Amino acid sequence: MPKDVSSDPVIAPETPADAAEAVALVDRVFGPGRYAKAAERLREGNRFLPGLSFVAREDGRLAGTVRLWPVRVGGAEALLLGPIAVDPAARRRGLGASLAARACEAAAEAGHARVVLVGDLRFFEKIGFQALAPGRIRMPGPADPGRILVRALTPGAWDGVEGEVALP
Ligand SMILES: CC(C)(COP(=O)(O)OP(=O)(O)OC[C@H]1O[C@@H](n2cnc3c(N)ncnc32)[C@H](O)[C@@H]1OP(=O)(O)O)[C@@H](O)C(=O)NCCC(=O)NCCS
């Protein structure tokens, strides 16, 4: 692949100065329909974890964002990953995978064991996510069971965990 003329993207924890651009990117990428998603029920009235949420900047411009939120699944603590969005002009260069991987790495370093999200397995399996048996983990609203994906940050972290994803 030819080398892009722009400098390599820099991934760093989201700061208050990034928030407006991060939200604007997500709004642009997902459109107003995002507020109808089941995952949004877990973000309203919740706070994303700033040390575990990241932005990518390329030549100063915000090119990508990912956030992690505290949730519970059954009785177990977990983190909800999302939204994740990469500017269309910066896609297919590994930035989305790098952002998701970086957030999971930071979560593991902070002692978290479980990450859950609603997304496409073909993208997220590269970063270690998998689907569990349909119905074992449910969202608080309509979600395709095959798109509810989990990653264990410690071995066996999802063993025996089941139920609805809920606010912490
Ligand atoms: C998903 C997204 C974050 C990926 O960002 P990215 O920087 O392009 O990701 P990467 O470069 O690491 O990986 C791209 C690869 O994932 C694949 N991919 C991306 N989104 C996909 C999807 N929804 N389903 C299947 N594959 C997908 C691409 O086809 C590409 O694979 P290829 O290069 O082998 O063809 C970006 O496409 C985006 O913002 N999409 C819109 C928002 C969205 O759908 N977010 C995820 C919600 S779960």
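We did not get these values from a lab; they are worked out from the coordinates using the rules stated. Just so we're clear, the structure is a prediction, and the values are computed from it rather than from any experiment. Cβ atoms come from the backbone with ideal geometry, glycine included; neighbour counts cover every protein chain shown.
Nearest 10 degrees, 0 to 90: what angle lies between the long axis of helix 19-30 and the longest principal axis of the chain (Cα atoms)?
Computed tilt is about 80 degrees.
What net charge do the residues around Pro88 carry, taking every other residue with its C-beta under 14 Å from that of Pro88, with Lys and Arg at +1 and Asp and Glu at -1?
On the way: positive: Arg28, Arg61, Arg91, Arg92, Arg93; negative: Asp27, Glu58, Asp87.
Summing Lys and Arg as +1 and Asp and Glu as -1 gives +2.
Long-range amide H contacts for Gly64: which residues qualify at under 5 Å (H placed 1.01 Å from N, peptide plane, sequence gap of 5 or more or a different chain)?
Amide H neighbours of Gly64: Ala56, Asp87.
Counting Lys +1, Arg +1, Asp -1, Glu -1, what net charge surrounds Ala36 among other residues with beta carbon under 13 Å of its beta carbon?
Details: positive: Arg34, Lys37, Arg41, Arg43; negative: Glu40, Glu44.
Computed value for this residue: +2.
Can you list the residues, at least 5 places off or on another chain, whose amide H is less than 5 Å from the amide H of Arg114, using H built in the peptide plane?
The answer is Leu79, Leu153.
What fraction, in whole percent, of alpha-carbon pairs in the chain exceed 29 Å separation? If you can, show how the numbers build up before the last one.
Working: 2172 of 14028 pairs.
So the portion of pairs separated by more than 29 Å is 15 percent.
Share of antiparallel DSSP beta bridges in the range 1-158, in percent to the nearest 5? Intermediate values should be presented prior to the final figure.
On the way: 25 of 27 bridges.
So the antiparallel bridges in the range 1-158 amount to around 95 percent.
Enumerate the calculated ³J(HN,Hα) couplings along the range 66-80 in order (Karplus 6.51 cos²θ - 1.76 cosθ + 1.60, θ = phi - 60°), each rounded to whole Hz, writing x wherever the residue is Gly or Pro.
Ordered by residue, 3J(HN,Hα) equals 8, 10, 10, 10, x, 9, 10, 10, x, x, 9, 6, 8, 10, 8 Hz.
Assign one of three labels to the range 18-68, namely rounded, prolate or oblate, based on the Cα gyration tensor with a ≥ b ≥ c the square roots of its eigenvalues; rounded applies when a/c is under 1.5, prolate when it is not and a/b is larger than b/c, and oblate otherwise. Mind showing how you got there, number by number?
Numbers: a/c = 2.77, a/b = 1.38, b/c = 2.01.
Note, shape of the range 18-68 comes out oblate.
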